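I have placed the structure first, in the form of structure tokens, so that the comments after it can refer back to it.
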Amino acid sequence: MSVPILEIVDLHAAYGRIEVLRGVNLSVPKGAVMALLGPNGAGKSTLVKVISGQKKATSGDIHLGGVHVRTGGPEELARLGLCTIPEGRSVFPNLTVEENLLLMSYAGVPAEAVLETAFAYFPRLKERRKQLAGTMSGGEQQMVAMSRALASDPALLLLDELSMGLAPLIVDELYETVGRITETGVSILCIEQFARTALKISDYAAVMSGGRVVATGEPDEILETMSDVILGGAA
Amino acid sequence: MSSLAETFAGSHRASGSHDGPLLEVDHVVVQFGGVTAVNEACFTADPGTVTGLIGPNGAGKTTCFNVISGLQKPTRGTVRFQGKDVSSTPVHRRSKRGMGRTFQRLEAFGSLSVRDNVKVAADIHRGVLKGFLPGGHGKNIDALLERVGIAAYADERADSIPTGTARLLELARCLAGDPKLLLLDEPSSGLDETETDAFGDLLRDLAAEGRAILMVEHDMDLVMAVCDVIHVLDFGSIIASGDPATIRRDPAVQKAYLGYSDEDDADAHTVTDLPAVSDDTMVIPAAREGVGS
Amino acid sequence: MSSFLAFTIFGLVSGAAYAIAASGLVLTYSTTRVFNIAHGALGMLLSFVFWDFSVRQGMPTLLALFLVLFVVAPAIGWFLQRFVARGLGDAPVSVSLVVTVAILVATLGLAQQVWPPEARSVQPFFAGTSYEMFGFFITAHQILTIVLSLVVAVGLYVLLNRTRIGTAMRASVDNPELLKLFGGQPERVAALSWAIGTSLAALAGVLLVSTVGLDYFALLLLVINAFAAAILGRLQNLPLTFVGAMSLGLVTSYASGYLPTDGLLNSVRNVVPALFLFAVIVLMPQAQLRIGQVKGIVSAPLPSPFKALSWSGALLLGVALVAGALSEANLLLVGTAATYAIVMLSLVLLTGYGGHVSLAQITFVGVGALAYIKIDSPNLGGLLLAGLVAAGVGALVALPVIRLTGLYLALATLAFAVIMDRMIFQADFAFGFNGSLSAERLSILGYQVDSTAGYVWVMAVFFVLMGLALLVVRAGPLGRMLVALRDSPAACGTLGLDQRWFRVGLFAASAGMAGIAGALYAGLRGTVGAAEFQFFGSFTLLLLAVVFGVTSVTGAALGGVGLMMLPVLQADYPGIAGLFFVVIAVGAILLARDPNGLANQLFRLGRLLDRRFGNRIRERIPVLPVPGGSLGGMREQARAEHDANAAADHSLTTVGLGAGGGAATTSGPDQGPAENKEPAGV
């Protein structure tokens, strides 16, 4: 294994008195795609929030590209090259497609380059550049969100439930794009309730349950040994 | 008109006055901006049965609950309760007629103790003005807490108890109003296995009392074990309805949950490096014996 | 016809200035979700700064304007966002409103401190230059005002739609968390929007000051106009806000031109903006119930009945002893303190328990006083009736906005207070313009309380009775419902509570309590006038209530004394009169996030003293022999254990396993040092 792009050591986090992460250990190798699976309530989304800086950990360490980042806010992490696509609403609904894309230039990419890349991958967005993002379909909204990942060439791409509320056909289309991103050598940590869809594009998989990572390994061995845990809750 | 309905709202056993189902969701559409959260949803809930509403995250289940309980106005469509159109009835009046609900994102009264949470519900049920009278419901409250299994937490502040307990508290709070219809939004998340089993038994008991239970739930074991009817919501639409056995075999359901189904053309989803999915490794486990029978 | 045209032009000119102020308000509110009640006050302060630069220091007008708009105003706005308003967007309205009211009061205090009242005037820009149009003159200043409003409109449009920082501003309206994930900085965006917003408030103030005059309150009240326009634009739509401002300008101008100059309609012109604001609020669409999260508030716990009663007794005894020794003037002050304390009790009910904010509580006091005088039967019946009248008026204010919550209810009360202030209280059928009415002292069951000392004691009795009633309500079903409704309106709705009527009832009850205070006050003073019930009093009342603790009866008692002392101190130290406002405001800002206030700190201090010195004091007090434990050493040991248990009990039962950590270890008013004697007596 090469140097991990993301290394998490004994991470704890809680909502009030309820501990949601109970000592997470996880390591994502550079250039790899890792799927993070597990039933509802296993703590996956909380882990994403902590990694992306939206939530403070109570203890533990996170290293992003070798840099210790436990105290950084989301905006600093974004500038360090972490690109997070959160679950649910990941666009600004009252901004046009173009404006949504322009905001991505905060990550240090020129605005023109963002638009160019986005429209090259998703020609449909070019036709709708003046449309309010909130009035587009869920799939199109995720395309806008994905454009950010494509254009900013992040050190680590954090995908949280990309497929939520989307029709299977559109999920396939989005994951095709994720597949294309992986070809550029971007490291990805991908949280997904559709275990199989995520495993298709992954090099490694990790399974969370009860606030811990209970298994890591190659996708097929994970699927064989851990299907009970993965599928027990959220299917 | 409403006062008449309220007169009947005293007991859920008085609901036999009309022939149709207790709750009817009729072609309900909800749009947020350009996104359709619920698309022409139609389903019913009947007294004495547990109805499951399942589907992937973001499929529109909670939005359905909000429409039924009156927190969200539907863009189109009708909600009927006891045969009457309640689509424009305010939240509190629907509750007076016999609807109770719990929340996915908890809505316990955090400043109050667990017991006081339920007391408030009982007080509201008796009527605000009667609230002036000294309450004689102390024993009932404790019995209710005992019944849902949270008596040990009675004196804790509601913002300091674990999620699973808070969900049970919300259920207890609902039951203080003796509802005919219970809307439970992910009631079992946060419960461990034993607690979930006990909760399943409680659900069957509540249904046996003649209540209709409509439940959004992610724990498939529980859903398959206690539900009489299951509706599968995907992308805002009902894609399948039926008993647990039917649902388990429905290809549309598999597709909604897995992203593809067994019957799909395998070429479209090249999964050569993954083992083929057999029925045994199916996502949805078989119903457990014993529970609910 | 030409006069119509003149009124139209004048209306458009003032509308243009309102539009500038309103757009600043919309900008700050929409990007930070903090509704800045002090927006007009900031415009006022900066107009004074402009006067100071251009007139007192004699700077060139343009330089002064530049400094005010581009240096001083943005700096103040940035400072306020960074150090005062940050993080308030997610706070309950009862917190964010209190903080901005505190900014308002601090701003006013600062202005009065730095620029004490004296005649000042600011010349219009290009004074003397005017152009003839359609047969009448329009001044260059007026043209400039309209041009500048257009510049602001276009400028804001370009900023928000054509620049990245502007796009980020709109993005942070949508979803600040997501903006952070994009690498944007919502806090910087918020600071910028406050800087621009404050600058726009300054511009509006500077443009209006030549017509309105350099007057603290006239300029401060301009915010009502900005509120009205901004709310027509739903606090986010800038074009609609401009339409609102222009229509308001026109309506105000026509009202001043065409309303009759006598009778009640004459005074309507003073309150057109407030009426407009009220109308706009009533037209707002139904508020959606928001589904949030479990978040309890740690409030001062209830004292046990025994302790509440003994403290009540002690208070009444104290007042009785002190009253005999005080001069007439000082007695009147104690009576005033009692009045304020009762009004603060009404805020304990409304704000402390219910989580709503009223900016018209002093107005309800005035309504109660007026009703008591007009009913003219100075007995318990008349007192009760006066309270009921105030309660009815309170319900009337809350009814039209029954569908709305929080901010809008508070703004409706502000509009109501201004209407009463400027129109009703000064009308001939009320106190009359600059007039006053005389009131008789209360007679209780046929016995008239003539002596001031006796009357003050009666007021203390009323305070105690109402305080105890409040505690009883809080401990009972209604109190639980109040807390439940504050914690989760959505859950209350689904449990069957019609919260709209509940809220109206709460509001009416609170107004009724304030009304009774007013009736008692009228009896105390003998003569009262409209000047004693001006809307501004409600601001200082609210702030002091928060400072001393708006969740406890003790806080209300202390707050009453504090509010009574304020004018006394200001009269004693006229040189720093304004600073007192600033101090109170700073206190409120510091304490706003903990509504238990100073009373809470006092309880804590009491417990601390008890722990430190309690046993030593008790040792010196002879103790009756305890059955079964005649040996002194054993007795001490038993007591120490008892105390330890009692302390542990307290932290568990009164606070539960509160989430507030250290802050949660509050206690009742009964925990003061005086309690130390209690074990000796038992």
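Candidates are the residues of segment B:98-128 that are modelled with pLDDT under 85 and out of contact with any helix residue (DSSP H, G or I) (no Cβ under 7 Å at 6 or more places or on another chain); the one that is farthest from B:Lys84 (Cα to Cα) is B:Arg105. If you go through segment B:193-204 one residue at a time, do you hit one that is more than 14 Å from chain A (Cβ to nearest Cβ), closer than 25 Å to B:Asp26 by Cβ and modelled with pLDDT of 90 or more? Looking through segment B:193-204, none of the residues is more than 14 Å from chain A (Cβ to nearest Cβ), closer than 25 Å to B:Asp26 by Cβ and modelled with pLDDT of 90 or more. Inclusion of B:Asp234 among residues that are buried (at least 21 other Cβ atoms within 10 Å of the Cβ) and at pLDDT 80 or above is warranted.
Restricting attention to segment B:157-174, which residues are of a type in the set (S, T, N, Q) and at the interface with chain C (Cβ under 8 Å from one of its Cβ atoms)?
B:Ser160
Can you find, within segment B:79-113, the residue that is farthest from the chain's Cα centre (by Cα) among those that are at the interface with chain C (Cβ under 8 Å from one of its Cβ atoms) and among the hydrophobic types (A, V, I, L, M, F, W, C)? Ranking the qualifying residues of segment B:79-113, first place goes to B:Leu112. Mind counting the residues in segment A:89-140 that are part of a loop (DSSP other than H, G, I, E, B), in contact (Cβ under 8 Å) with a residue 24 or more places away in the chain and within 18 Å of C:Arg164 (Cα to Cα)? Residues meeting the conditions: 10.
Answer yes if at least one residue in segment A:58-73 is closer than 15 Å to A:Ile191 by Cα, of a type outside the set (A, V, I, L, M) and within 14 Å of chain C (Cβ to nearest Cβ), and no otherwise. Looking for residues that are closer than 15 Å to A:Ile191 by Cα, of a type outside the set (A, V, I, L, M) and within 14 Å of chain C (Cβ to nearest Cβ), one finds none in segment A:58-73, hence no. Exactly one residue out of C:Gly109, C:Gly128, C:Gly135 is in the same structural domain as C:Phe79 (by TED's automatic domain parsing), touching a helix residue (DSSP H, G or I) at 6+ places or on another chain (Cβ under 6 Å), exposed (fewer than 13 other Cβ atoms within 10 Å of the Cβ) and of a type outside the set (Lys, Arg), and it is C:Gly135. In the condition set (1) assigned to a helix (DSSP H, G or I); (2) modelled with pLDDT under 70, B:Leu145 is compliant with all but (2).
Restricting attention to segment C:431-449, does a residue exist that is in a helix (DSSP H, G or I) and buried (at least 23 other Cβ atoms within 10 Å of the Cβ)? Among the residues of segment C:431-449, not one is in a helix (DSSP H, G or I) and buried (at least 23 other Cβ atoms within 10 Å of the Cβ), which makes the answer no.
Condition test on A:Tyr121, is it modelled with pLDDT under 85, in contact with a Gly (Cβ under 6 Å, 6 or more places away or on another chain) and more than 14 Å from chain B (Cβ to nearest Cβ)? No: the conditions fail for A:Tyr121.
Residue-wise test of (1) among the hydroxyl-bearing types (Ser, Thr, Tyr); (2) part of a strand (DSSP E or B); (3) more than 9 Å from chain B (Cβ to nearest Cβ).
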| site | (1), (2), (3) |
| --- | --- |
| A:Gln142 | no, no, yes |
| A:Ala151 | no, no, yes |
| A:Asp172 | no, no, no |
| A:Val178 | no, no, yes |
| A:Thr182 | yes, no, yes |
| A:Leu189 | no, yes, yes |
| A:Lys200 | no, no, no |
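Selection of segment B:43-78 for residues being touching a residue at least 40 places away in the same chain (Cβ under 8 Å), more than 11 Å from chain A (Cβ to nearest Cβ) and in a loop (DSSP other than H, G, I, E, B) yields B:Asp46, B:Pro47, B:Gly48, B:Thr49, B:Gln72, B:Pro74, B:Thr75.
With respect to (1) within 11 Å of chain A (Cβ to nearest Cβ); (2) within 28 Å of C:Met44 (Cβ to Cβ), the lone exception for C:Ala171 is condition (2). Among the residues making up segment B:176-199, those that are surrounded by fewer than 23 Cβ atoms within 10 Å (Cβ to Cβ) and in contact (Cβ under 8 Å) with a residue 60 or more places away in the chain are B:Gly177, B:Asp178, B:Glu186, B:Asp197.
Only residues that are free of Cβ contacts under 8 Å to residues at least 40 places away in the same chain, among the hydroxyl-bearing types (Ser, Thr, Tyr) and surrounded by 20 or more Cβ atoms within 10 Å (Cβ to Cβ) were counted across segment C:138-182, and they come to 1. When C:Arg593 is tested against (1) part of a helix (DSSP H, G or I); (2) within 18 Å of the chain's Cα centre (by Cα), only condition (1) is not met.
Determine which member of the set C:Thr32, C:Thr28 is farther than 21 Å from C:Leu414 by Cα and touching a residue at least 24 places away in the same chain (Cβ under 8 Å).
Result of the check over C:Thr32, C:Thr28: C:Thr32.
Scanning segment A:16-67 for residues that are outside any strand (DSSP E or B), within 16 Å of the chain's Cα centre (by Cα) and of a type in the set (A, V, I, L, M) returns A:Ala32, A:Leu47, A:Val48, A:Val50, A:Ile51.
Residue by residue, here is whether (1) within 11 Å of chain A (Cβ to nearest Cβ); (2) more than 25 Å from the chain's Cα centre (by Cα); (3) crowded, with 24+ Cβ neighbours inside 10 Å; (4) assigned to a helix (DSSP H, G or I) holds:
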site: C:Gly184; (1), (2), (3), (4): yes, yes, yes, no
site: C:Arg188; (1), (2), (3), (4): yes, yes, no, yes
site: C:Ala191; (1), (2), (3), (4): no, no, no, yes
site: C:Gly197; (1), (2), (3), (4): no, no, yes, yes
site: C:Ala201; (1), (2), (3), (4): no, no, yes, yes
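Residues checked against (1) part of a helix (DSSP H, G or I); (2) more than 26 Å from the chain's Cα centre (by Cα):
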residue: C:Ala341; (1), (2): yes, no
residue: C:Gly355; (1), (2): no, no
residue: C:Lys374; (1), (2): yes, yes
residue: C:Leu396; (1), (2): yes, no
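Does C:Val68 count as part of a helix (DSSP H, G or I), surrounded by 18 or more Cβ atoms within 10 Å (Cβ to Cβ), in contact with a Phe, Trp or Tyr (Cβ under 7 Å, 6 or more places away or on another chain) and in the same structural domain as C:Gly205 (by TED's automatic domain parsing)?
Here the answer is yes, as C:Val68 does meet what is asked.
Within segment C:9-22, is even one residue at pLDDT below 95, surrounded by fewer than 24 Cβ atoms within 10 Å (Cβ to Cβ) and touching a strand residue (DSSP E or B) at 6+ places or on another chain (Cβ under 8 Å)? Checking segment C:9-22: at least one residue is at pLDDT below 95, surrounded by fewer than 24 Cβ atoms within 10 Å (Cβ to Cβ) and touching a strand residue (DSSP E or B) at 6+ places or on another chain (Cβ under 8 Å).
If I filter segment B:205-219 down to residues being part of a helix (DSSP H, G or I) and under 14 Å from the mean Cα position of the chain (by Cα), which single residue comes out as farthest from the other protein chains (Cβ to nearest Cβ)? That would be B:Ala207.
Scanning segment C:482-527 for residues that are surrounded by fewer than 24 Cβ atoms within 10 Å (Cβ to Cβ) and either in contact with an Asp or Glu (Cβ under 7 Å, 6 or more places away or on another chain) or not in a helix (DSSP H, G or I) (or both) yields C:Ala490, C:Asp498, C:Gly526, C:Thr527.
The values are calculated or read from the model by the stated rules, or taken from the named source; none is laboratory data. Quick caveat: nothing in here was measured; it's all calculated off a predicted structure. Here the Cβ is made from the backbone with ideal geometry for all residues, glycine too, and neighbour counts use every protein chain on show.
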